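A.B. asks: First the structure, then my questions, so here it is.
Just so it is clear, none of the values below were taken in a lab; they were calculated from the coordinates. Fair warning: this is a prediction, and the values are worked out from it, not measured in the lab. Here the Cβ positions follow ideal geometry from the backbone for every residue, glycine too, while neighbour counts run over all protein chains shown.
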Amino acid sequence: MQHVLGVEAAGLITRENEDMTAKEEVVFNNLVARAVNESVHRITGWCEFHGLRLTLSPATLEPRDDTETLVDLALAQIEDRERQLRFADLGTGTGAVALALLSELPNATVLATDIDAEALNVAQRNAEANGLSGRLETAQGNWFDALVEPFDFIVSNPPYVSSATIETLHPDVRDHDPRKALDGGADGLDAYRTIIAGAALFLEPGGFLALEIGCDQAGAVSALALTESFTTTTVQRDLAGNNRALLISR
């Protein structure tokens, strides 16, 4: 109703005794009907993530609260947040993770990559809307294809749903998030294999890799890290108590 009337919560309260116009009522009822199988954020076209307002697009995954666990895990590794840091966000989508980190690291810059040009346009628009565009650079490419230099750290929320499981997801995910942002291959680990295998080439000494993971993937992804000579992995749980992010370092 706030979206239909173009008001914030306070504005809705001040108008609580007013009738909607016939046109507003039709629009409102149509949106409510859509909300059965579509998230409110998809319907309104924006969401809030880590205190930032982000525009959504059919080309991007909808950022969800669980992904803030990844942001918090990365921030916990940085003792001096005033340092000049350079990091990469692989598969940035809306730019949610990259921008959340920039908002907490005032002297950091990021290279945000994605295989989808429209997703990169959305990330850039979100950076501009939140006053962070001067520190965000975008590049189109698959995982490490667009990287040419080492970084202080790398973050990624890659696709990690097994291909056969996608059809069982709730319609607001299955039918509205882009499949390429969900499908992690037969066992859900395809992206992790590629990212972990290439990460060492693009990390500065002492750098780290932080990944969002599925709630049942901590053991499998940690095992992949060990095969690539990483020696330390730390699992972070989300607010529901599920494994949600993994820190990988040497």
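A.B. asks: Where does helix 190-199 land angle-wise versus the long Cα axis of the chain, in degrees 0 to 90, nearest 10?
C.D. replies: With both axes taken from Cα atoms, the answer is about 50 degrees.
A.B. asks: Near the amide H of F151, under 5 Å away, which other amide H atoms are found, from residues 5 or more places off or on another chain, if H is placed in the peptide plane?
C.D. replies: L203, E204
A.B. asks: Give the order of R15, R86 when sorted by the count of other beta carbons within 10 angstrom, beginning with the fewest.
C.D. replies: By the 10 Å Cβ count, ascending: R15, R86.
A.B. asks: Now for a different question. Top mean-square fluctuation among P178, P63, P205, Gaussian network model of the chain, C-alpha springs under 10 Å?
C.D. replies: Comparing P178, P63, P205 in the GNM, the peak value goes to P205.
A.B. asks: Continuing with this model, one more query. Going by alpha carbons, how many degrees (0 to 90, nearest 10) lie between the helix axis of 22-34 and the longest principal axis of the chain?
C.D. replies: 40
A.B. asks: If you don't mind, another one. Kindly express, to the nearest 10 degrees and within the range 0 to 90, the angle between helix 117-129's C-alpha long axis and the longest C-alpha principal axis of the chain.
C.D. replies: It works out to around 70 degrees.
A.B. asks: Treat the count of other C-beta atoms within 10 Å as a stand-in for reagent exposure and order R244, R125 from fewest to most.
C.D. replies: Neighbour counts put them in this order, fewest first: R125, R244.
A.B. asks: Working out 0.36 nm times the residue gap between E16 and A117, then minus their Cα-Cα distance, what length gain in nm do you get to one decimal?
C.D. replies: Contour length minus Cα-Cα distance gives 32.1 nm.
A.B. asks: In the chain, if the dipole is taken from +1 on Lys/Arg beta carbons and -1 on Asp/Glu beta carbons about the Cα centre, which of F49, Q124, H176 is farthest to the positive end?
C.D. replies: So the residue we want is Q124.
A.B. asks: Using Cα-only point scatterers and the Debye equation, what is log10 of I(q)/I(0) for the chain at each q in 0.16 Å⁻¹, rounded to two decimals?
C.D. replies: Relative scattering, expressed as log10 I(q)/I(0), comes to -1.17.
A.B. asks: Just the C-alpha atoms of region 147-190: what Rg/Rh do they give, with Rh taken as the Kirkwood radius?
C.D. replies: Expressed as Rg/Rh, it is 1.14.
A.B. asks: On a full-extension model of 0.36 nm per residue, what is the gain between N30 and R250, subtracting their alpha-carbon distance, rounded to one decimal in nm?
C.D. replies: Gain in length upon complete extension: 73.9 nm.
A.B. asks: Kindly identify region 1-115 as rounded, prolate or oblate by the Cα gyration tensor criterion: order the square roots of the eigenvalues as a ≥ b ≥ c, call it rounded if a/c is under 1.5, otherwise compare a/b with b/c, prolate if a/b is larger, else oblate.
C.D. replies: It comes out prolate by the Cα gyration axes.
A.B. asks: Using just the helices of the chain, give the 222 nm mean residue ellipticity in deg cm²/dmol: DSSP H runs with n ≥ 4 each add -39,500 (n - 2.57), and the total is spread over all residues, rounded to 500.
C.D. replies: Value at 222 nm, helices only, nearest 500: -9000 deg cm²/dmol.
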